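The values are calculated or read from the model by the stated rules, or taken from the named source; none is laboratory data. All of these numbers come straight from a predicted model, not from anything done at the bench. Neighbour counts are summed over all protein chains in view; Cβ atoms, including those assigned to glycine, are modelled from backbone coordinates with ideal geometry.
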Amino acid sequence: MEFETILLTTIESGIYCLTINRPAQFNALNAQTLAEIHSAAEYLKTQADARVLLLTGSGQKAFAAGADIKEMQSKTAIEGQAFGRKGMQAFRSLELLPIPVIAVVQGFALGGGCELAMSCDWIIASEQAQFGQPEVALGVTPGFGGTQRLSRLIGRSKALELLVSGRRIDAATALAWGLVNHVYPADQLMNEALKIAREIAAQAPLAVQMCKQLVIRGQDLELTTACLLEEQAFGLSFSTTDQKEGMAAFVEKRKAVFRGF
Ligand code: CO8
């Protein structure tokens, strides 16, 4: 697919990469970028070969330095809300992608950039990465899910500390607070992303997708119903060829070859 403000590429079989590509603006997210992220997510939903998505920013300075302030500056309340809705839709479509999505954060992930990273399934970061929700310094609240995803990820008190002070945290703090899963030297970040992407791509695709759906959808449910969903998914997985292959390979002491059905 052709885009102007993002790149969507296949790194190798099953491993896709979405790059926010406005390096001169520190990958600030304008309306076009949000629409393109949404389109890319909708497109990926239809790609049967897709196993995992890496999401990153172009250049070394920024993953994304937030929503585009210059574009937002003159918006009215109703236009601001519409812009917020666009971001919410784009990020939710990423979050609900059947395949795992990993944010690869090499620099600033601020405001909408931090919200974009948090809509991925987990975040890995370089030692230079910085995270924050500086919206209060601009006279606005976060608008792409930041108050909700941040507090769910790191808890109410740490989330509020960041949200109301606008302060930034470095990668080591983000790791200690549970916002990111791993921190690597900048020159190793993409290699490490690829390593985990390959590990995921080698697993049984439907089982991977069901795990993701169970976690994401289960979070909105009470435990009994959520566990029932898992029970049903577990049963359903026994109807797949890959279950037969996975268990036969274990018994026969060989590597499984999964086919995705
Ligand atoms: N929007 C537009 N342009 C940006 C943004 C941004 N968010 N961030 C950086 N840029 C641009 C700068 O304007 C500059 O461009 P130019 O050279 O043309 O002036 C270029 O990127 C480089 O930036 P700096 O010169 O400022 O680089 P520094 O290294 O000095 O600083 C920072 C880097 C710290 C990242 C700094 O640029 C900064 O503070 N940026 C803004 C960070 C921020 O406040 N982000 C939150 C934005 S609001 C938001 O995301 C809300 C999301 C929900 C919206 C819902 C709508 C209702």
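Residues in the stretch 222-261 that are out of contact with any helix residue (DSSP H, G or I) (no Cβ under 7 Å at 6 or more places or on another chain) and assigned to a loop (DSSP other than H, G, I, E, B): 6 in all.
Considering only residues that are surrounded by fewer than 19 Cβ atoms within 10 Å (Cβ to Cβ), touching a helix residue (DSSP H, G or I) at 6+ places or on another chain (Cβ under 6 Å) and at pLDDT 95 or above, which ones fall in the stretch 1-29? Hit for the stretch 1-29 is Phe3, nothing else. In this entry, Ala176 is excluded by the filter for residues that are touching a Lys or Arg at 6+ places or on another chain (Cβ under 8 Å) and of a type outside the set (D, E, K, R). Out of all the residues in the stretch 64-76, which are within 7 Å of the ligand (Cβ to nearest atom) and among the small types (Gly, Ala, Ser)? Within the stretch 64-76, Ala65, Gly66, Ala67 qualify. Only residues that are of a type in the set (A, V, I, L, M, F, W, C) and in a loop (DSSP other than H, G, I, E, B) were counted in the stretch 165-183, giving 3. Given the conditions (1) closer than 22 Å to Ala171 by Cα; (2) more than 8 Å from the ligand (Cβ to nearest atom); (3) basic (Lys, Arg), report the number of the one that Lys61 does not fulfil. Of everything listed in (1) closer than 22 Å to Ala171 by Cα; (2) more than 8 Å from the ligand (Cβ to nearest atom); (3) basic (Lys, Arg), Lys61 misses just condition (2).
Check the stretch 61-79 and report whether any residue there is in contact with a Pro (Cβ under 6 Å, 6 or more places away or on another chain), over 21 Å from Gly166 (Cα atoms) and either polar (S, T, N, Q) or modelled with pLDDT under 95 (or both). Before you say what the answer is, go through the steps one by one.
Here is the first cut: in the stretch 61-79, the residues in contact with a Pro (Cβ under 6 Å, 6 or more places away or on another chain) are none.
No, there is no match, as no residue in the stretch 61-79 is in contact with a Pro (Cβ under 6 Å, 6 or more places away or on another chain), over 21 Å from Gly166 (Cα atoms) and either polar (S, T, N, Q) or modelled with pLDDT under 95 (or both).
Taking residues in the stretch 62-91 that are in contact (Cβ under 8 Å) with a residue 60 or more places away in the chain, and partners anywhere that are assigned to a strand (DSSP E or B) and more than 6 Å from the ligand (Cβ to nearest atom), the pairs with Cβ atoms closer than 6 Å and at least 6 places apart or on different chains are Phe63/Gly57; Phe63/Val105; Phe63/Ala109; Ala67/Leu29. For the stretch 77-98, the tally of residues that are of a type outside the set (A, V, I, L, M) and away from the ligand (no atom under 11 Å from the Cβ) stands at 5.
Okay, residues lined up against (1) over 26 Å from Ser39 (Cα atoms); (2) within 15 Å of the ligand (Cβ to nearest atom):
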{"site": "Gly112", "(1), (2)": "no, yes"}
{"site": "Ala137", "(1), (2)": "yes, yes"}
{"site": "Asp170", "(1), (2)": "yes, yes"}
{"site": "Ala176", "(1), (2)": "yes, no"}
{"site": "Asn181", "(1), (2)": "yes, no"}
{"site": "Asp187", "(1), (2)": "yes, no"}
{"site": "Glu199", "(1), (2)": "yes, no"}
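Being β-branched (Val, Ile, Thr), in contact with a Phe, Trp or Tyr (Cβ under 9 Å, 6 or more places away or on another chain) and without any contact (Cβ under 8 Å) to a residue 24 or more places away in the chain narrows it down to one residue among Thr241, Thr224; which is it? Spell out the reasoning first.
Numbers: Thr224 fails: in contact with a Phe, Trp or Tyr (Cβ under 9 Å, 6 or more places away or on another chain).
Sole residue among the options that is β-branched (Val, Ile, Thr), in contact with a Phe, Trp or Tyr (Cβ under 9 Å, 6 or more places away or on another chain) and without any contact (Cβ under 8 Å) to a residue 24 or more places away in the chain: Thr241.
Screening the candidates Gln219, Gln213, Gln188 for the property of being over 30 Å from Gln73 (Cβ atoms), loosely packed, with under 13 Cβ neighbours inside 10 Å, in contact with a helix residue (DSSP H, G or I) (Cβ under 9 Å, 6 or more places away or on another chain) and not hydroxyl-bearing (Ser, Thr, Tyr) yields one hit, Gln219. Of the listed requirements (1) closer than 15 Å to Gly112 by Cα; (2) more than 16 Å from the ligand (Cβ to nearest atom); (3) in a helix (DSSP H, G or I), Ala41 misses just one: (1).
Here the stretch 143-166 is the region considered, the condition is being within 11 Å of the ligand (Cβ to nearest atom) and closer than 17 Å to Trp177 by Cβ, and the residue that is nearest to the chain's Cα centre (by Cα) is Gly146.
If you go through the stretch 166-180 and keep only what is surrounded by fewer than 19 Cβ atoms within 10 Å (Cβ to Cβ) and in contact with a helix residue (DSSP H, G or I) (Cβ under 8 Å, 6 or more places away or on another chain), you end up with Gly166, Arg167, Arg168, Trp177, Gly178. Taking the stretch 114-149 as the range and being among the acidic types (Asp, Glu) and farther than 14 Å from Phe91 by Cα as the test, the residues that pass are Glu127, Glu135.
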